[in-house]
Each structure stands twice: as C-alpha cells, then as structure tokens.
1. Does the range 7-60 hold any residues that are closer than 30 Å to ALA79 by Cα and of a type in the set (Ser, Thr, Tyr), and which are they?
2. Any residue in the range 69-88 that is surrounded by 19 or more Cβ atoms within 10 Å (Cβ to Cβ) and outside any helix (DSSP H, G or I)?
3. Any residue in the range 54-76 that's over 17 Å from PRO108 (Cα atoms): show its pairings with residues that are at pLDDT 95 or above and not in a helix (DSSP H, G or I) at Cβ separation under 6 Å, as long as the two are six or more apart or on different chains.
4. Based on this model, can you work out whether PRO50 counts as assigned to a helix (DSSP H, G or I), out of contact with any helix residue (DSSP H, G or I) (no Cβ under 9 Å at 6 or more places or on another chain) and either of a type in the set (A, V, I, L, M, F, W, C) or surrounded by fewer than 20 Cβ atoms within 10 Å (Cβ to Cβ) (or both)?
5. Tell me, which residue of the range 92-136 that is touching a Leu at 6+ places or on another chain (Cβ under 9 Å) and either without any contact (Cβ under 8 Å) to a residue 12 or more places away in the chain or not in a helix (DSSP H, G or I) (or both) is surrounded by the fewest Cβ atoms within 10 Å (Cβ to Cβ)?
Amino acid sequence: MRIVRNILALILGWLGGSAINMGLVALGHTLFPMEGIDPNDMNALAEAMPTMEPKHFLFPFLAHALGTFIGAIIAARLAASHKMIFAMAIGILFLIGGIMVNYMLPGPTWFTVLDLVVAYIPMAWLGGSVALKKAKTSI
C-alpha cells in the first residue's frame with residue numbers, strides 16, 4: 001500500500017504543480033498580453049521571444065517556481081515514506097520540462113539561467129521542507 005501511496009503522491013504532486021503552472025502562465029498572458037501573438041502557437045512565441053520585455057517573463061518564472069513548490073508540497077505531504085525524495089523528484093520532473101521549454105522557446109540568457117537555477121530544484125527543496133515542517137508540527 002505504501003508503494004501505491006508514493007506513486008499517487010508523485011502523480012498528484014505533478015498534476016497539482018502543473019495546474020498551478022498553467023494557471024499562472026494563462027494569468028500572465030491576460031495581464032501582459034503580447035499584441036498579435038497567439039500564446040498557444042509555439043512557433044509564433046519562438047519568433048517573438050527576442051522582442052519580449054522582462055515583464056513577459058515574470059509570470060512564466062512564477063509559474064515554474066510556484067508550480068514546482070506546490071507540487072513538491074503535495075508530493076511530500078502525500079508520500080508514505082521518503083517525503084523529501086518525492087518532493088525532489090517533482091523538482092527533477094519540472095526541471096526536465098523547463099529544459100525542454102527553454103530549448104523550444106529560447107528566451108534571453110538571463111531568464112534561462114534564472115529559471116533553470118532557481119525555479120526547480122531549490123523550490124522543490126523548499127516545498128519539501130515546508131511539508132516536513134508542517135508534518136512535524138501537526139503530530
């Protein structure tokens with residue numbers, strides 16, 4: 001039963017973090033629209049990347065960081081054992097996705113470095129730490 005619970009923790013952490021990620025990206029497109037660009041068209045986004053302002057990168061960064069953070073909390077809270085490992089696994093999954101997106105949509109170097117260095121592994125560790133701290137205080 002522990003194995004099933006751990007697998008579900010990973011899946012639900014990934015899904016929950018992904019929902020946060022997608023919601024924040026959509027909110028960013030609403031608050032900072034890119035005139036004449038369909039945010040669902042990857043080719044159009046790739047072509048527009050060099051013309052984007054720093055404000056257009058705020059919500060993607062927040063989406064990646066908070067999606068990873070919340071996903072790690074969910075995974076760590078739900079895991080039956082090795083809670084920090086499951087939190088970090090979420091960070092690794094999201095990091096792989098971040099590398100893929102940064103490859104498909106190459107943005108400015110400052111954003112790529114910030115995104116890949118700060119938004120995934122550190123946020124997964126922080127999320128796991130928060131979940132472990134909450135677990136200790138609720139006992």
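1. Of everything in the range 7-60, just one residue is closer than 30 Å to ALA79 by Cα and of a type in the set (Ser, Thr, Tyr), namely SER18.
2. yes
3. Sorted first by the residue in the range 54-76, then by its partner, the pairs are ALA65/ALA119; THR68/TYR120.
4. Numbers: assigned to a helix (DSSP H, G or I): yes; out of contact with any helix residue (DSSP H, G or I) (no Cβ under 9 Å at 6 or more places or on another chain): yes; either of a type in the set (A, V, I, L, M, F, W, C) or surrounded by fewer than 20 Cβ atoms within 10 Å (Cβ to Cβ) (or both): yes.
Considered against the rule, which asks whether it is assigned to a helix (DSSP H, G or I), out of contact with any helix residue (DSSP H, G or I) (no Cβ under 9 Å at 6 or more places or on another chain) and either of a type in the set (A, V, I, L, M, F, W, C) or surrounded by fewer than 20 Cβ atoms within 10 Å (Cβ to Cβ) (or both), PRO50 comes out as yes.
5. Per the criteria, the residue is LEU105.
The values are calculated or read from the model by the stated rules, or taken from the named source; none is laboratory data. Remember, it's a predicted structure, so these values are computed and weren't measured experimentally. Cβ sites come from the backbone with ideal geometry, for glycine too, and all protein chains shown count toward neighbours.
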